[in-house]
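A short reminder: the numbers here are calculations on the coordinates, not readings from a lab. For clarity, every value in this text was computed on a predicted model and none was experimentally measured. Methodologically, a virtual Cβ is constructed for each residue, glycine included, from the backbone with ideal geometry; neighbour enumeration extends over all protein chains shown.
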């Protein structure tokens with residue numbers, strides 16, 4: 001299957017996940033925070049925006065890191081007839097960018113157990129969406145850092161997934177507010193990555209495959225929701 005087809009299919013799946021699972025999950029977290037803090041804070045429109053502001057912070061923080069990486073991305077230069085070479089990749093920007101994705105991976109597996117509480121079907125769909133998400137993130141980071149990432153990046157990101165799982169095993173989140181804040185922070189960064197990295201454009205995209213992924217995943221999510229997870 002051509003790369004443009006797989007990327008477009010994964011993009012459609014990711015967009016369906018964002019609109020039908022992630023955004024409702026953030027909204028539910030906002031309601032749970034309101035209930036948990038009802039005795040401390042009087043409900044106001046500003047308080048109701050709290051979790052969405054956290055998601056916005058997550059979106060803005062990861063966008064800033066992406067902009068920094070793009071600005072310092074190594075430019076190809078000619079080294080001979082028909083050959084190109086990549087200029088040196090800034091180590092500081094690379095580790096900052098990679099560290100942000102490592103923290104992102106820790107959050108994903110740290111909150112993974114919460115998906116199991118919603119039912120095995122939802123957990124399976126979440127795992128499918130995140131699996132494709134990791135593949136596309138891996139591809140994007142390798143394009144940004146073709147020299148450094150294959151040597152150290154993949155190992156660090158895989159270790160971050162394991163670290164999040166271990167953290168959850170020994171120090172599982174118990175506070176409703178903490179869970180909602182972490183979910184919103186993660187949600188904001190996922191929103192950015194989906195719309196910036198997982199929606200191929202121009203000649204790299206295939207709308208029929210995008211639509212196939214979107215309709216298929218939307219149908220599965222809708223069916224699981226109708227059956228109660």
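With springs connecting C-alpha atoms under 10 Å apart, model the chain as a Gaussian network and identify which of 131, 92, 34 has the largest mean-square fluctuation. Taking springs between Cα atoms under 10 Å, the residue moving most is 92.
As a calculated quantity, the FRET efficiency between residue 226 and residue 91 at R0 = 35 Å, using C-beta atoms, amounts to about 0.10.
Inter-part distance, region 123-139 to region 170-198, computed on C-alpha centroids, equals 15 Å. In the chain, the longest principal axis of the Cα atoms and the axis of helix 154-170 are about 20 degrees apart. What is the angle, in °, between the Cα long axis of helix 91-110 and the longest principal axis of the Cα atoms in the chain? Nearest 10 is fine, range 0 to 90. Between helix and principal axis, roughly 30 degrees. Spin-label pair residue 142-residue 47: with each label point 7 Å from Cα along the Cα-Cβ axis, the two points sit 4.9 nm from one another. Exposure proxy ranking for 15, 33, 47, based on other Cβ atoms within 10 angstrom of each Cβ and starting from the fewest, stands as 47, 15, 33. On the basis of the beta-carbon distance and an R0 of 35 Å, residue 39 and residue 167 show a calculated FRET efficiency of 0.75.
Rounded to the nearest 0.05, what FRET efficiency do residue 196 and residue 116 give with R0 = 30 Å and r taken as the Cβ-Cβ distance? Could you check? Computed FRET efficiency for residue 196 and residue 116 comes out at 0.55.
When you restrict to C-alpha pairs under 8 Å that are six or more residues apart and normalise by the size of the chain, the relative contact order lands at 47 percent. To the nearest ten degrees, helix 207-226 and the longest principal axis of the Cα atoms of the chain are 20 degrees apart. Per-residue extension of 0.36 nm, minus the Cα-Cα distance of residue 61 and residue 27, leaves a gain of 10.2 nm for this segment. The ranking of 140, 205 from fewest to most other beta carbons within 10 Å of each one's beta carbon is 205, 140. With the simple spin-label model, which puts each label point 7 Å out from Cα in the Cβ direction, the residue 211 to residue 124 separation comes to 2.8 nm.
Residues considered: 206, 152, 100. Largest GNM mean-square fluctuation over the chain, using C-alpha springs under 10 Å, is found at 152. Summed over qualifying helices (DSSP H, 4 residues or more, each -39500 (n - 2.57)) and divided by its residue number, the chain shows a 222 nm mean residue ellipticity of -24000 deg cm²/dmol.
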